[in-house]
Every structure is written in structure tokens, then in C-alpha cells.
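Working notes for the structure below.
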Amino acid sequence: MKPYHELTHIGRLRRMRQLARTAMESYGLAGASFKLQLDAGNTLFRVYASNLPLAQTTTELFEENQYLLRIHDPAYQTPDAIELELTWLAAMRREADLPVPEPIPRLDGRLLTQATIPGTTNTRDCSLLRWVKGRLISRGAQAHHYRAQGRLMARMHNFASQWQIPPGHAKRNYDWDGLFMNDAEIGLPAGESWKLLPQPWVEPFEIVARQFRQLTDAWGKGPEVYGLIHADMGVDANMLFWRGEPRLIDFDSSGFGYWMYDLAVALEHCREDPAFPRYRDALLEGYAEHRSLPDAQLAQMELFFAAFSVYWDLWAVGGTHVHPEFMGGYRQRIDREAALVIRYVASHDTSS
């Protein structure tokens with residue numbers, strides 16, 4: 001049998017199907033039908049089964065007898081990080097009835113499965129979630145969608161701020177190091193992406209990083225400012241709507257970060273839309289229905305936008321250096337984020 005790294009793309013997908021069958025046995029799903037949903041980092045399969053032993057009562061939140069099997073990319077999350085994600089999701093469902101994916105435990109009660117088959121490079125971590133019902137609002141989002149998003153985000157932040165994280169668990173951080181120095185996920189040494197930036201970008205990027213460090217050093221990481229966040233919660237991605245109600249999916253990038261970072265990421269895609277002020281106000285109004293943040297934190301949204309843009313460009317510039325074949329798909333977005341950083345620096349006092 002050929003080693004995994006020598007297979008064609010089609011060959012690798014066939015191997016992943018074999019591994020999926022092996023993983024499903026841990027859940028009592030031997031012989032269940034399934035189909036490939038996505039192969040981008042994680043390999044995702046949609047599973048159809050009506051006899052899952054440990055599935056809970058069907059609710060309006062989930063598609064009946066449908067599940068998502070994730071074969072996790074070993075380069076992205078450690079087993080410990082995935083376990084924390086699954087434990088957090090299970091707690092949000094059990095204790096707060098939040099509309100998020102519900103992990104399905106294995107027959108032995110564990111949430112994380114390790115599966116392997118001959119020819120794979122290593123053991124792969126796998127998890128099974130109930131399939132959330134709803135659709136993406138790919139275009140035509142309105143203020144009421146952002147208001148609903150704000151309500152859900154606030155409820156999630158409220159839960160995260162008081163939930164007792166199990167000892168020994170860790171996940172990535174969206175702090176200064178996590179945003180500006182963590183190149184591990186793209187296979188570069190820490191901070192290496194800075195050396196790849198076009199020279200005119202370096203100074204404005206450094207100004208944003210310096211301002212962010214000054215601010216967050218002053219804030220610290222207490223529960224009033226920092227905790228478990230989704231980190232990729234946009235109306236344009238990872239948020240489904242069903243009969244007007246939002247549901248949140250894909251916690252793969254979740255980690256520890258500032259509450260303001262979640263709010264900024266939720267709006268960054270529409271910053272240049274003429275309707276941005278209306279969307280921003282709707283998001284914050286919805287958020288305020290369940291949770292309040294001090295004005296001093298909300299006043300820093302523009303800096304968090306700029307910090308996100310620096311982070312995204314460092315990731316993309318480093319990633320396309322490692323994989324230059326992806327540059328065509330990222331070029332326009334890379335330039336857009338850099339322009340937003342430069343505009344922010346030009347319009348704010350940077351003397352501190």
C-alpha cells in the first residue's frame with residue numbers, strides 16, 4: 001500500500017473514506033452511509049444514520065439522523081485543543097441550550113476518537129457532531145441578521161466567562177503573540193512572516209502591533225475582557241439561519257481571546273459597505289440585550305479591526321510563501337487588508 005504522501009488527491013480522499021469507516025465504528029455506526037462534504041484542512045463527511053445508540057432526542061436545531069464526521073488536520077489543532085472544543089460545545093448545549101453543534105460521544109463515552117488505517121502518515125483525530133439545520137446568508141444580509149448575531153454572541157460570551165474550563169486543557173490564543181507571532185500553523189518559525197512583507201507595509205503593521213500590545217498589556221486577561229471565543233463568527237461565514245434564528249457552527253478556530261476580537265471579526269467583512277454603520281449598531285444593540293461591555297472596550301473596535309488585518313496578512317503572506325500556488329486566490333484580499341491597515345494608521349494618532 002502506497003504511503004499517504006505519495007497518493008494523488010483522489011487517492012488521499014479514498015484513504016480518508018477508509019479512515020472515516022474505521023472512525024464511525026467507535027460510535028456504533030458501522031455500515032452507515034456517508035458522503036464527502038469538504039476537504040480543506042479538515043476532511044468532512046456528512047453521515048446518515050437512523051440508529052445511533054447515543055444520539056439525543058431530535059430538536060428543531062438539528063437535521064434528523066444526520067451528522068458531521070470531522071477528520072481533523074493534524075497540523076492545525078492538538079488533540080487536547082480538540083477535546084476542549086468538544087467539551088465546551090457539549091457544555092453549551094447541556095447547560096445553556098445554545099444553538100451550536102452537539103458532539104456525539106463514542107460508545108465508551110469519550111468525545112474524541114483516534115483512528116488509523118494502513119498507509120496513513122499517523123493516527124488522525126476524529127469527532128462526530130449533530131448536523132445543524134439552517135442556511136448561510138451569503139448575500140443580502142440585513143441589520144436584523146446582525147442584531148440576532150449580537151444576541152447569540154453575547155449569550156456565548158456570558159457562558160464562556162463563567163464556565164469552569166477542565167484542568168489541563170488548552171487552545172490557541174488570540175493575544176499579541178497569537179496574532180502577530182504565531183506562524184506555526186503555516187509551517188514557518190515564529191515571526192518569520194514579518195520578513196516577507198513588502199517594505200512599505202512594515203512600519204504601519206508595526207505601529208498597529210505596538211498599539212495593540214500597549215492596550216492589551218493595560219487590559220490584562222481577566223474575564224471582563226478575555227475568554228473562550230469563536231474567533232470566526234461572521235454572518236458571511238459559520239452562522240446559519242433557520243426561521244430567522246441564528247445557529248453557530250465551525251468552532252475549529254476557536255480559542256482564548258478578547259471579547260472585542262469576536263465583535264471585530266463579526267464585522268470585518270463589511271467594513272467598506274456603505275451600510276456598515278447600520279450593521280455595526282445592530283450587532284452592538286443585539287449584544288447589549290444580553291451583555292454589556294464598557295465604553296472603553298467598545299471604543300477600541302477600530303484598533304481590533306486593524307489588528308485583525310495585520311494578523312490575516314501575516315498568515316496569508318506566510319502561507320503563500322510556503323504554498324505559492326495559492327497566491328492567485330489571496331492576492332486581492334492581501335492587498336485589501338494592507339490598505340485598511342495603512343488607512344487606519346493614517347487616520348489615528350500614532351505618536352504613542
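Bear in mind these aren't lab numbers, they're just calculated from the coordinates by the rules spelled out. This one's a predicted model, so the numbers in the text were calculated from it and none came from an experiment. Quick reminder, even Gly has a Cβ in these numbers, built from the backbone with ideal geometry, and neighbours come from all protein chains shown.
In which sequence would M16, M239 go, from the one with the fewest C-beta neighbours within 10 Å to the one with the most?
Values: M16 20, M239 26.
Taking fewest neighbouring Cβ atoms as first place, the list is M16, M239.
I'd like the Karplus ³J(HN,Hα) series for region 311-326: coefficients 6.51, -1.76, 1.60, θ = phi - 60°, whole numbers in Hz, and an x wherever there's a Gly or Pro.
With coefficients 6.51, -1.76 and 1.60, one gets 4, 5, 5, 4, 5, 6, 5, x, x, 6, 5, 6, 10, x, 5, 8 Hz.
How would region 4-133 be classified by its alpha-carbon gyration tensor: rounded, prolate or oblate, with rounded meaning a/c under 1.5 and the a/b versus b/c comparison settling the rest? The partial results should precede the final answer.
Details: a/c = 1.89, a/b = 1.53, b/c = 1.24.
Prolate is the answer for region 4-133, as a/c is 1.5 or above and a/b outweighs b/c.
Go through 254-260, 282-288, 186-192, 163-169 and give me the packing order, highest mean Cβ count within 10 Å leading.
On the way: 254-260: 22.7, 282-288: 19.9, 186-192: 15.0, 163-169: 10.7.
Result, highest mean first: 254-260, 282-288, 186-192, 163-169.
Where does each of 339-346, 107-114, 133-140, 223-230 land if you order them by average Cβ count within 10 Å, highest first? Mind dumping the intermediate values first?
Values: 339-346: 17.0, 107-114: 14.1, 133-140: 12.4, 223-230: 20.1.
By packing density, highest mean first, the sequence is 223-230, 339-346, 107-114, 133-140.
Which value in deg cm²/dmol, rounded to the nearest 500, describes the helix-derived mean residue ellipticity at 222 nm for the chain, given -39,500 (n - 2.57) per DSSP H run of n ≥ 4 and division by the residue count? Write out the running numbers ahead of the final one.
Working: 10 runs with 150 residues, N = 352.
Mean residue ellipticity, 222 nm, calculated: -14000 deg cm²/dmol.
Just to confirm a number: summing +1 for Lys and Arg and -1 for Asp and Glu over residues other than F62 whose beta-carbon lies under 15 angstrom from that of F62, what do you get? It would help to have the intermediate numbers written out before the result.
On the way: positive: R46, R93, R94, R130, K133, R135, R243, R247; negative: E60, E63, E64, D97, E102, E245.
Net local charge, F62 excluded: +2.
Of K35/K221; K133/K171; K171/K195; K133/K195, which sit over 32 Å apart, Cα to Cα? The partial results should precede the final answer.
On the way: K35/K221 42 Å; K133/K171 27 Å; K171/K195 27 Å; K133/K195 44 Å.
Beyond 32 Å: K35/K221; K133/K195.
Just grab the label-to-label distance for T59 and R291, each label 7 Å out from Cα along the Cβ direction, in nm (one decimal).
Distance between label points: 1.8 nm.
Quick check: net charge around K133, other residues with Cβ under 11 Å of its Cβ, Lys/Arg +1 and Asp/Glu -1? Mind dumping the intermediate values first?
Numbers: positive: R130, R135, R243, R247; negative: E60, E63, E64, E245.
Neighbourhood net charge equals 0.
For the chain, modelled as a Gaussian network with Cα springs under 10 Å, which listed residue fluctuates most, R271, R247, R12?
Fluctuation is largest for R12.
Note down the net charge around S309, summing +1 for each Lys or Arg and -1 for each Asp or Glu among other residues with Cβ under 13 Å from its Cβ. Mind dumping the intermediate values first?
Details: positive: R271, R333, R336, R343; negative: E268, E272, E302, D313, D335, E337.
Taking every other residue near S309 into account, the sum is -2.
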